[in-house]
Amino acid sequence: SAKTSGRGRYQFFTETMQLTAQRRMQLAKDLRRALPEQQLFLEYQPIVSLADDELSKVEALIRWQHPELGLISPAEFIPVAEEIGLISEIGDWVFRTAVAQVEAWQELVNRPFQISINTSPVQYRDDAHRIRHWLSYLRERCLSSQSISLEITEGMLMENTADIEHCLLLIRDAGMEVALDDFGTGYSSLSYLKRMDIDFLKIDRSFVHNLQRDSDDLALCEAMIVMAHRLGIRVVAEGIETAEQKALLKAAQCDYGQGYYFSRPLSAEQIGACLRRRKIH
Ligand code: C2E
Ligand code: MG
Ligand code: MG
Ligand code: MG
C-alpha cells in the first residue's frame, strides 16, 4: 500500500542520510592525513584549440587515492576540505605541483604551454597572503606567469568582492590569466564580466550536453560566445563528448574545447607524450 511504501522510502532515506553523514565524517578525518601521506595527485585534461585540434593547454584536476575507499572524486572531497579548513593547504600543494609540472613540460618541448588550476573562494580570504606566496614561488622559477591560468567560479565573485577583487588584481598584475569556470550555472551576473578582468570563460558542460537536441542550449552557447568575444574574452566549452557537439561549437566560433571526445584526464607522462606529438591522438 501507499502507506507501507511511504514508510519504506522514509527508512531508505534516513539510512542513506546516515551513510552520507558517516562517509563525510570519515573523509573529514582521513583527509588530514592525505597530504602528508601522499594520497593526493593531479591528473591533467587536454584543452584543445577548435580551429586546428592542437593541444593548447591542460586543466589540473585533483584526485584522492584513499587507502581503503579507493579513488575519491574532488566533487566529493573538495567541499569537505573547504568545510574543515584544509582547502588552502591543499590548494597551495596543487599550485606548486601544477607549476613544477608545467615547467617540466616546457623544458621537455622547449615552448610555452599553459596549465589551468582550479581554485576555491576560501583560498582568496586571509588578506591575499597566500596569493603573495604563490607570486614569490613563481618568481623563484624560470617560468613565465602567463603559463598559469587560475580558474575561479561565479559563486566566488558573489562572495566577499573587495578581497577577491584585490586578489584578482594581484594575479593579473603578476601576469597570470583568469578563467571563469562553470559559466552559466551560478547566479550569473553580467556585471561581474564588466568589473572583473577575465581572460577565459568556460561554458559549463550542462549547456553542451544536449546541444544537438536542444536549440535553446545552442542559442545560449552562441550568445555566450558572441558576448565573450565582444568583451575580448576567449571561450572554452566544457564536457564535449561527441563530434556533433564539437562541430556545433566550432561553427559558433568557440575557441577551445575540453571533454571526453578529445581526451579524459591523463597522467603527466601521457601529457608529455601528447606535447611531443603536438596532437592529442
Ligand atoms: P571543473 O573544474 O568544472 O572540472 C571539469 C570536470 O568535468 C572534471 O571533473 C572533469 O573530469 C569532468 N569532465 C571533463 N570532460 C568531461 C566530459 O566530457 N563529460 C563529463 N561528464 N565530465 C567531464 P572532476 O575531475 O571530477 O572535478 C570535479 C570538480 O572538482 C571540478 O570541476 C572542480 O570544480 C573541482 N576540482 C578539481 N580539482 C580541483 C582542485 O585542484 N582544486 C579545487 N578547488 N577544485 C578542484
Ligand atoms: Mg575547472
Ligand atoms: Mg568548477
Ligand atoms: Mg567547470
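Readers should treat all values here as calculations from the given coordinates under stated rules, not as data from a laboratory. It should be emphasised that the depicted structure is a prediction, and the values quoted were computed from it without experimental measurement. When we count neighbours, we look across all protein chains shown, and the Cβ atoms used for this are built from the backbone with ideal geometry, even at glycine.
Just need the Rg to Rh number for segment 195-281, please, alpha carbons only, Kirkwood Rh. Could the numbers behind the result be given before it?
Working: Rg = 14.0 Å, Rh = 13.8 Å.
Using only Cα positions, Rg/Rh for segment 195-281 is 1.02.
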Task: Percent antiparallel among DSSP beta bridges (both partners in the chain, rounded to 5) - done: 40
- [ ] Sum -39500 (n - 2.57) across every DSSP H segment of at least 4 residues in the chain, then divide by the residue count to get the 222 nm mean residue ellipticity, nearest 500.
- [x] -15500 deg cm²/dmol
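Show me the three semi-axes of the equivalent ellipsoid for segment 31-154, from the C-alpha gyration tensor (sqrt of 5 times each eigenvalue), largest first, rounded to whole Å.
Working: eigenvalues 123, 67, 40 Å².
Listed largest to smallest, the semi-axes of segment 31-154 are 25, 18, 14 Å.
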Task: Residue-wise HN-Hα coupling along segment 38-55, computed from phi with Karplus coefficients 6.51, -1.76, 1.60 (Hz; x: Gly, Pro) - done: 6, 8, 8, 8, 10, 10, 9, 9, x, 10, 10, 6, 5, 5, 9, 6, 7, 5
- [ ] Decide, for the chain, between rounded, prolate and oblate: order the square roots of the alpha carbon gyration tensor eigenvalues as a ≥ b ≥ c, take rounded if a/c falls under 1.5, and otherwise choose prolate if a/b is larger than b/c, else oblate.
- [x] rounded
Open item on the list: Apply the a/c threshold of 1.5 to the C-alpha gyration tensor of segment 132-213 and tell me whether it is rounded, prolate or oblate.
Closed with: oblate
Task: Loop-located chymotrypsin sites (Phe, Trp or Tyr not before Pro) in segment 164-247 whose Cβ has at most 12 other Cβ within 10 Å (DSSP) - done: Tyr187
Task: Compactness of segment 9-94, expressed as Rg and Dmax over alpha-carbon positions, Å - done: 16.7, 55
Task: Approximate spin-label separation Tyr261-Lys29, in nm, with each point projected 7 Å along Cα-to-Cβ - done: 4.5
Open item on the list: List the pairs from Lys57/Lys246; Lys194/Lys279; Lys29/Lys202 whose alpha-carbon separation is above 27 Å, in the order I gave them.
Closed with: Lys194/Lys279; Lys29/Lys202
